[in-house]
Amino acid sequence: MTSGHVQRGDVGVRAVPGVPDMAELETAAEHERILREIESTETACIGPTLRSVYDGEEHSHFMEKLEVRIRNHDREIEKMCNFHYQGFVDSITELLKVRGEAEKLKNQVMDTNRRLQLDGAELLSTMKDLQQCRIQQRNIAATVEKLSLCLPVLEMYSKLREQMRAKRHYPALKTLEQMEHTYLPQVSHYRFCRTMVENIPKLREEIKDVSMSDLKDFLESIRKHSERIGESAMKQAQQQRSLDNILTLQTKGILGRRYKKDLCPSPEMNGTSPMSEQDSGILDVEDEDEEEEAPGTQDLVDFSPVYRCLHIYTVLASREVFENYYRKQRRKQARLVLQPPSNMHETLAGYRKYFHQIVGFFVVEDHILHTTGGLVNRAYVDELWDLALSKTMAALRTHSSYCSDPNLVLDLKNLIVHFADTLQGYGFPVHQLFDMLLEVRDQYGEILLKKWAGVFRNILDADNYSPIPVSDENAYKKIISQFPFQDPELEKQQFPKKFPFSEFVPKIYCQIKEFIYACLKFSEDLHLSSTEVDDMIRKSTNLLLTRTLSNCLQNIIKRRNVGLTELVQIIINTSHLEVSCKYLEEFITNITNVLPDTVHTTKLYGLTTFKDARQAAEEEIYTNLNQKIDQFLQLADYDWMAAESAEQASDYLLDLVAFLNSTFAVFTHLPAAVDMHSRMPGKVAQTACMSACKHLSTSLTQLLLEADVKQITMGALQQFNLDVKECERFARSGPVPGFQGDTLQLAFIDLRQLLDLFIKWDWSTYLADYGQPNCKYLRVNPTTALTLLEKMKDPSRKNVVFAQFRKNERDKQKLIETVAKQLRGLINSHHS
């Protein structure tokens, strides 16, 4: 305390006397506060208080105050100790007494502890064993706990492997996904789990590869089964169509029985007719299987690999890869399917197999389209169908062009219709196929025309070109049933009697009807209107008449060995066939139910065909007759230097006239044609007779004026005149009835006037009257007369014509020269 006061006094001595310093007061108050904080604050928190002392500038002053405060507390402690000292001494005394007891207690405790240790050693050993067991138990529990977490992972992995071995790839993928997201995260710190995690991508790829392998097996399977699938689909479509059209088919059956009565038996055809039993309609080879239920697509092909693979690739986020692969492979298969075999056109089985494969392909694609939810879309299927349609139509056009059998073409058409109807049932547009069938129809028509050309040739070659004789009523009715012929006069005649036409008339008429039926069969099921069918049949029939039958008739007419009788019979036959055209019109109307007066209805042009054939036959008659006349004229052997003529006509001419008489006699015994507008055989005979006489007259004139004949005597001219008179006698005899007056003799008028002019030597009349309408020698051409006159003189030799008039020889030679000069003048004046 004394030192404290001294310090304060020292401080006061250093202070400025007078009013107290405010800074010192504040400093003192701050130091006091700090001291109180040091006394009341815990030691751990005293740091900030001491820092405030060191931060200030009164550190020494504070230390002084701290020392003063310490001394004050020491004095207080000393006072307190002095006050309690006796009690402390007493306590020490008592403590010393207790120390002895504590020592005893310590010994007792150590003894007790020793005995306790001895007694607890066994317990301690047991406790250690127990502790070890507890540790093992905890370890076992922990192991069981960890294994309970690992076992599901291992079980799932085992299940995954089992599923993969069983090729249950989609469940395996689900198991893998569940193991990856649910079980493996719980035990991810184990090494085997990390190995599993690392193997998961490999397992996924393995599943993808295996599922893709299954898909490849599936694609290979459907490639092999496409034909069976298509066959099944087409069979089902045919059965459905049969059920839908049963009433229509029954109606057609009635109509078929009705009109089949009109068909003619053709035993000479040996079953080659289009209506023969060989032609049994649409795919008759499968009729025996129609009642069997065809297996469906699902029964033939297991689509589960596609579904599984699609699900797997969808889950693995690779659906687009799978779709592209599937579509690419199917496009390749489509190209293979659409490639036809090189010999497909040889048999119907080749076409059927080709169609079955295409139908099977698109039935599968249609099934995939409707069951996979987007694996293929409509645009993709339509693209494939467009490709298939173009390839199929090109193949059919190519291969059908090789076909020459109408029955095969007809069966092919039925197969194409069946093929189109089947795919149309699956929603594919097939109108282009039906359009192509119209092209095949034209080809079918050409094949039919070729076939019927052979049929007509056989009929025409086998015909005897004689009227058909019938001996009884049955034979007569048989011919009437084959050909529409009506003749009341013939019906009244007694048996036996003859039809005016030969056998090829009813046979050709029946074959025309057969051709119409063959055309009608092709038009079935083409979805054509009755008008279109009628137009098609009429156009085809027109081609048959105007081209095929016309050519056959022309060929038979132009054949070298055909006789005049056969030609006349052909004229009669074509007349009757011409009349039958109206019955063919009615026949077509009955089977198509299209009236002939309907707008745009095509008419039959058969009339032209038969008229042309008749005209050709007539021309052939005239040509053959003239050729025969030429053959006789080639036998002519005139002695142009003969001094005098024989008493009768030449032998060759007599034979020629006899031939003409016998030939034209045949015409009088031929029956007339029934068509009033056609030329009767009598008219043909008249024309032929007139043509023969004109040709004979012209040929004799040419023979007389032939350049090789250099000189002609009057005797030779008189012999030639006898031959001409024989020809005129033939003309006057009326070899063919119907000529009026001397019409036939006019064929020789030119030759007659020429011969009269020379024999009568009437040059003065000829030269005086030339150019007048009533001239006696009007038909004698001055050029012809000059040519013949030049042959009657020969300056190099003695003129024997006037040998008997030797005294007048010079005058007559001069006369010939004078006439020749005048004739040249007439010729020159005529040309000018």
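What single numbered condition from (1) free of Cβ contacts under 8 Å to residues at least 12 places away in the same chain; (2) within 59 Å of the chain's Cα centre (by Cα); (3) open to solvent by less than 80 Å² (accessible area, probe 1.4 Å) fails to hold for Arg168?
Status for Arg168: all satisfied but (3).
Which of the residues belonging to region 150-164 are open to solvent by 60 Å² or more (accessible area, probe 1.4 Å) and touching a residue at least 12 places away in the same chain (Cβ under 8 Å)?
Restricting attention to region 150-164, the residues satisfying the condition of being open to solvent by 60 Å² or more (accessible area, probe 1.4 Å) are 151, 154-155, 158-159, 161-162.
Within region 150-164, Lys159 is the sole residue that qualifies.
Quick check on my filter: what residues within region 174-202 are within 15 Å of Tyr313 (Cβ to Cβ) and open to solvent by less than 50 Å² (accessible area, probe 1.4 Å)?
Leu176
Cβ-Cβ distance below 9 Å, separation of 6 or more or different chains: which pairs start in region 776-795 with a residue that is farther than 14 Å from Lys760 by Cβ and end on one that is among the basic types (Lys, Arg)?
If the second residue must be among the basic types (Lys, Arg), the pairs left are Arg779/Arg752; Pro782/Arg824; Leu786/Arg824; Lys791/Lys710; Asp794/Lys710.
If Ile480 satisfies every condition in (1) in contact (Cβ under 8 Å) with a residue 12 or more places away in the chain; (2) assigned to a helix (DSSP H, G or I) but one, which is the exception?
Only one criterion is unmet by Ile480, namely (1).
Among (1) assigned to a helix (DSSP H, G or I); (2) aromatic (Phe, Trp, Tyr); (3) open to solvent by 20 Å² or more (accessible area, probe 1.4 Å), where does Tyr402 come up short?
Exception for Tyr402: condition (1).
Specify which of the listed residues (Ile749, Ile712, Ile759) is within 26 Å of Lys821 (Cβ to Cβ) and surrounded by fewer than 18 Cβ atoms within 10 Å (Cβ to Cβ). Break it down stepwise before answering.
Numbers: Ile749 fails: within 26 Å of Lys821 (Cβ to Cβ); Ile712 fails: surrounded by fewer than 18 Cβ atoms within 10 Å (Cβ to Cβ).
Testing whether each residue is within 26 Å of Lys821 (Cβ to Cβ) and surrounded by fewer than 18 Cβ atoms within 10 Å (Cβ to Cβ) leaves just Ile759.
Kindly indicate whether Lys582 is open to solvent by 20 Å² or more (accessible area, probe 1.4 Å), basic (Lys, Arg), at pLDDT below 85 and under 27 Å from Cys519 (Cβ atoms). Full working, then the answer.
On the way: open to solvent by 20 Å² or more (accessible area, probe 1.4 Å): yes; basic (Lys, Arg): yes; at pLDDT below 85: no; under 27 Å from Cys519 (Cβ atoms): yes.
No.
Hey, can you tell me all the residues within region 45-58 that are closer than 14 Å to Glu30 by Cβ and surrounded by 11 or more Cβ atoms within 10 Å (Cβ to Cβ)?
Thr49, Leu50, Ser52, Val53, Gly56, Glu58 - these are the residues of region 45-58 that are closer than 14 Å to Glu30 by Cβ and surrounded by 11 or more Cβ atoms within 10 Å (Cβ to Cβ).
For region 435-456, does any single residue satisfy the condition of being open to solvent by less than 70 Å² (accessible area, probe 1.4 Å) and closer than 30 Å to Asn377 by Cα?
Among the residues of region 435-456, at least one is open to solvent by less than 70 Å² (accessible area, probe 1.4 Å) and closer than 30 Å to Asn377 by Cα, which makes the answer yes.
For region 760-798, how many residues meet the condition of being at pLDDT below 85 and closer than 13 Å to Lys710 by Cα?
Here the count works out to 6.
Which is surrounded by 11 or more Cβ atoms within 10 Å (Cβ to Cβ), part of a helix (DSSP H, G or I) and over 60 Å from the mean Cα position of the chain (by Cα), of Lys104, Lys146, Lys97, Lys79?
Details: Lys104 fails: surrounded by 11 or more Cβ atoms within 10 Å (Cβ to Cβ); Lys97 fails: surrounded by 11 or more Cβ atoms within 10 Å (Cβ to Cβ); Lys79 fails: surrounded by 11 or more Cβ atoms within 10 Å (Cβ to Cβ).
Unique residue meeting the criteria: Lys146.
Residues checked against (1) in a helix (DSSP H, G or I); (2) crowded, with 17+ Cβ neighbours inside 10 Å:
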position: Glu320; (1), (2): yes, no
position: Arg331; (1), (2): yes, no
position: Gly374; (1), (2): no, no
position: Trp385; (1), (2): yes, yes
position: Thr392; (1), (2): yes, yes
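Tell me, please, whether a residue that is at pLDDT below 85 and at positive phi can be found in region 555-574.
The answer is no, given that none of the residues of region 555-574 is at pLDDT below 85 and at positive phi.
Restricting attention to region 626-647, report how many residues are open to solvent by 80 Å² or more (accessible area, probe 1.4 Å) and hydrophobic (A, V, I, L, M, F, W, C).
As a first pass, look at region 626-647 and keep what is open to solvent by 80 Å² or more (accessible area, probe 1.4 Å): 627, 631, 634-635, 637, 639, 643-644, 647.
Narrowing the set further to residues that are hydrophobic (A, V, I, L, M, F, W, C) leaves 635, 643.
So the count comes out to 2.
Might you check whether a residue that is under 15 Å from Ile222 (Cα atoms), surrounded by 14 or more Cβ atoms within 10 Å (Cβ to Cβ), under 27 Å from the mean Cα position of the chain (by Cα) and modelled with pLDDT of 80 or more occurs anywhere in region 290-305?
no
What is the residue count in region 612-657 for residues that are part of a helix (DSSP H, G or I) and of a type in the set (Phe, Trp, Tyr)?
Let us first name the residues in region 612-657 that are part of a helix (DSSP H, G or I), namely 612-633, 651-657.
Narrowing further to those that are of a type in the set (Phe, Trp, Tyr): 622, 632, 652.
Residues flagged as part of a helix (DSSP H, G or I) and of a type in the set (Phe, Trp, Tyr) within region 612-657 amount to 3.
When you go through (1) within 17 Å of Val455 (Cα to Cα); (2) surrounded by fewer than 17 Cβ atoms within 10 Å (Cβ to Cβ); (3) among the aliphatic types (A, V, I, L, M) one by one for Leu490, which number turns out not to apply?
So Leu490 meets the others, but not (1).
For Asp214, are the conditions met, namely being modelled with pLDDT of 50 or more, open to solvent by 20 Å² or more (accessible area, probe 1.4 Å) and not aromatic (Phe, Trp, Tyr)?
Numbers: modelled with pLDDT of 50 or more: yes; open to solvent by 20 Å² or more (accessible area, probe 1.4 Å): yes; not aromatic (Phe, Trp, Tyr): yes.
Yes: the conditions hold for Asp214.
Would you mind listing the helices (runs of 4 or more DSSP H) fully within region 511-602 where at least 1 residues are touching a Lys or Arg at 6+ places or on another chain (Cβ under 9 Å), under 19 Å from Tyr465 (Cα atoms) and touching a residue at least 12 places away in the same chain (Cβ under 8 Å)?
Passing ranges, in order: 550-558, 564-592.
Of everything in region 405-423 that's in a helix (DSSP H, G or I) and of a type in the set (D, E, K, R), which residue is least open to solvent (accessible area, probe 1.4 Å)?
Taking region 405-423 first, the residues in a helix (DSSP H, G or I) are 406-423.
Checking which are of a type in the set (D, E, K, R) leaves us with 411, 413, 421.
On the way: Asp411: 38, Lys413: 0, Asp421: 33 Å².
By that ranking, first place goes to Lys413.
Please state which of the following conditions Pro340 fails to meet, knowing it meets all the rest: (1) part of a loop (DSSP other than H, G, I, E, B); (2) exposed (fewer than 15 other Cβ atoms within 10 Å of the Cβ).
Looking at each condition in turn, Pro340 falls short on (2).
So which residues in region 692-720 are β-branched (Val, Ile, Thr) and either in contact with a Gly (Cβ under 9 Å, 6 or more places away or on another chain) or not in a helix (DSSP H, G or I) (or both)? If you could, list the steps in order and put the result at the bottom.
Our first condition is that a residue be β-branched (Val, Ile, Thr); within region 692-720, this holds for 698, 701, 709, 712-713.
Passing the criteria: Val709, Ile712, Thr713.
Take the residues in region 670-725 that are of a type in the set (Val, Ile, Thr) and within 20 Å of Gly563 (Cβ to Cβ), then tell me which one is modelled with the lowest pLDDT. Show your work before the answer.
At the first step, the residues of region 670-725 found to be of a type in the set (Val, Ile, Thr) are 674, 684, 687, 698, 701, 709, 712-713, 724.
Next cut, within 20 Å of Gly563 (Cβ to Cβ) only: 684, 687.
Numbers: Val684: 79, Thr687: 86.
Only one residue tops the list, namely Val684.
If only one of Ile512, Ile516 is within 32 Å of the chain's Cα centre (by Cα) and within 26 Å of Phe434 (Cβ to Cβ), which one is it? Can you show your working first?
Numbers: Ile512 fails: within 26 Å of Phe434 (Cβ to Cβ).
The unique qualifying residue is Ile516.
Within the set of pairs 6+ apart or on separate chains, which have a first residue in region 53-68 that is in contact (Cβ under 8 Å) with a residue 60 or more places away in the chain, a second that is not hydroxyl-bearing (Ser, Thr, Tyr), and C-beta atoms under 7 Å apart?
From region 53-68, the pairs are Val68/Gly4; Val68/Gln7.
The values are calculated or read from the model by the stated rules, or taken from the named source; none is laboratory data. What you see is a predicted model; the values in this text were computed from it and never measured. A quick note on method: Cβ atoms are made from the backbone with ideal geometry, for glycine too, and the neighbour counts reach across all protein chains shown. The protein model used for the area step is the full one, side chains on, heavy atoms only, and it has no ligands, DNA or RNA in it. Shrake-Rupley method; radii C 1.70, N 1.55, O 1.52, S 1.80 Å.
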